[in-house]
1. Please compute the length gained on full extension between Gln27 and Leu220, using 0.36 nm multiplied by the number of residues separating them and subtracting their Cα-Cα distance.
2. What accessible surface, in Å², does a 1.4 Å probe find on Phe167, ignoring ligands, DNA and RNA and rounding to the nearest 10?
3. Which of the aspartates and glutamates could be linked to Lys312 by a straight reach, that is with a Cα gap under 19 Å, when you skip same-chain ones fewer than 8 residues away?
4. Whats the longest run of the chain with zero GluC sites (Glu not before Pro) that are DSSP loop and have at most 12 other Cβ atoms within 10 Å?
5. Calculated FRET efficiency, Lys303 and Thr229, Cβ-Cβ r, R0 30 Å, to nearest 0.05?
6. Given a 1.4 Å probe and every protein chain left where it sits, what share in percent of the accessible area of region 85-148 is carbon and sulfur?
7. Residues of region 1-145: accessible area per residue at 1.4 Å, in Å²?
8. Under the rule a/c < 1.5 gives rounded, and otherwise a/b versus b/c splits prolate from oblate, where does region 138-204 land using the Cα gyration tensor?
Amino acid sequence: MQPPKNGNLSEMPLLEFVLEGFEGGPQTQALLFALFLALYVVAVLGNLTMIVVITLDAHLHSPMYFFLKNLSFLDLCYSSIIAPKALANFLSSSKVITFKGCATQFFFFSMMGTTEAFLLAVMAYDRFMAICSPLLYPITMYPSVCACLVLGSYCGGCFNSILQTSFTFSLPFCSSNHINHFFCDVVPLLQLTCANTAINKLVMFGLCGLIIVGTTLMVLVSYGYITLTILRMHSGGGRHKLFSTCGSHMTAVSLFYGTVFVMYAQPGAVQSMEQGKVVSVFYTLVIPMLNPLIYSLRNKDVKDALQRLIQKHIAT
């Protein structure tokens with residue numbers, strides 16, 4: 001039973017939260033369990049397949065696929081941070097998560113999400129260098145440089161996550177311990193505190209806005225130059241191949257940035273937590289599931305590599 005809204009839970013240390021998840025009876029929870037399980041299984045299989053194919057096929061050992069493998073790893077971790085606990089709660093009546101467990105989930109969710117934003121911008125820069133400066137590309141995107149760019153993305157994600165987690169979980173939670181969400185997210189957590197959250201909201205909107213706007217601008221500028229370069233090409237086949245490759249990236253970027261911007265980069269964008277939960281399903285499960293499909297179905301090199309791997313496995 002949910003504690004009264006005016007109850008004071010700050011008199012003793014808060015040891016656990018309750019993830020309320022989605023409304024509905026047992027039948028609704030069972031349907032949601034089946035939906036989440038299907039999305040999660042496809043996301044895991046798809047991203048693992050991408051990682052294995054890119055790792056084993058020598059034809060894909062290039063900067064673009066190195067970044068794509070890291071994107072698949074992020075998506076795999078991203079969905080795995082959220083889905084298992086959500087699936088368990090659909091079949092549970094308690095839906096309890098410990099305070100430390102909630103903070104841990106929040107930290108890694110924030111880190112992986114921010115890292116993915118930076119990595120998508122890095123991938124746009126990689127395509128910009130490959131298409132607009134092909135002669136400088138082998139020097140500019142040297143393996144050690146690629147590794148540093150990925151490491152920098154993780155460092156940026158970790159920095160944002162440390163700030164968000166420390167600001168959020170240092171607050172006193174005294175209104176209730178029931179989180180109106182299916183995972184520990186910043187917006188429903190701020191609704192439970194009895195302290196002034198103005199600074200926390202400023203930090204959240206400021207950092208998330210800066211990261212999203214900054215990385216989006218980098219993507220838009222990169223693809224603006226890429227589009228102009230492709231349109232100047234005389235070869236129709238070359239234009240089609242490049243548009244297909246870059247189109248995959250732009251599709252993934254649009255899906256990710258669109259949903260994250262709605263949730264975190266503008267105050268009052270989500271009118272209700274029920275709406276927020278639906279949006280959250282997209283960037284925690286649907287996008288990690290779609291990314292491998294987008295990159296594999298629209299990419300001839302990945303499809304050829306997968307075919308070679310299957311034929312090699314059959315032959316042995």
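The values are calculated or read from the model by the stated rules, or taken from the named source; none is laboratory data. Just so it is clear, the model here is predicted, and its values are computed rather than measured. All Cβ positions, glycine included, derive from the backbone under ideal geometry; neighbour counts span all protein chains shown. Calculation scope for accessible area: heavy atoms of the full protein, side chains included, ligands and nucleic acids excluded. Shrake-Rupley method; radii C 1.70, N 1.55, O 1.52, S 1.80 Å.
1. Numbers: separation 193, 0.36 × 193 = 69.48 nm, distance 4.43 nm.
This chain segment gains 65.1 nm when fully extended.
2. Only protein atoms counted, so the area is about 70 Å².
3. Cα-Cα hits under 19 Å: Asp57, Asp301, Asp304.
4. Details: sites that count: Glu11, Glu23.
Counting only loop sites that pass the neighbour cut-off, the longest clear stretch is 24-316.
5. Efficiency for this residue pair is about 0.75.
6. Values: 2060 of 2770 Å².
Answer for region 85-148 is 74 percent, counting heavy atoms of protein chains only.
7. On the way: 7140 Å² over 145 residues.
Counting only protein heavy atoms, the per-residue value for region 1-145 is 49 Å².
8. Working: a/c = 4.56, a/b = 3.04, b/c = 1.50.
The shape class here is prolate.
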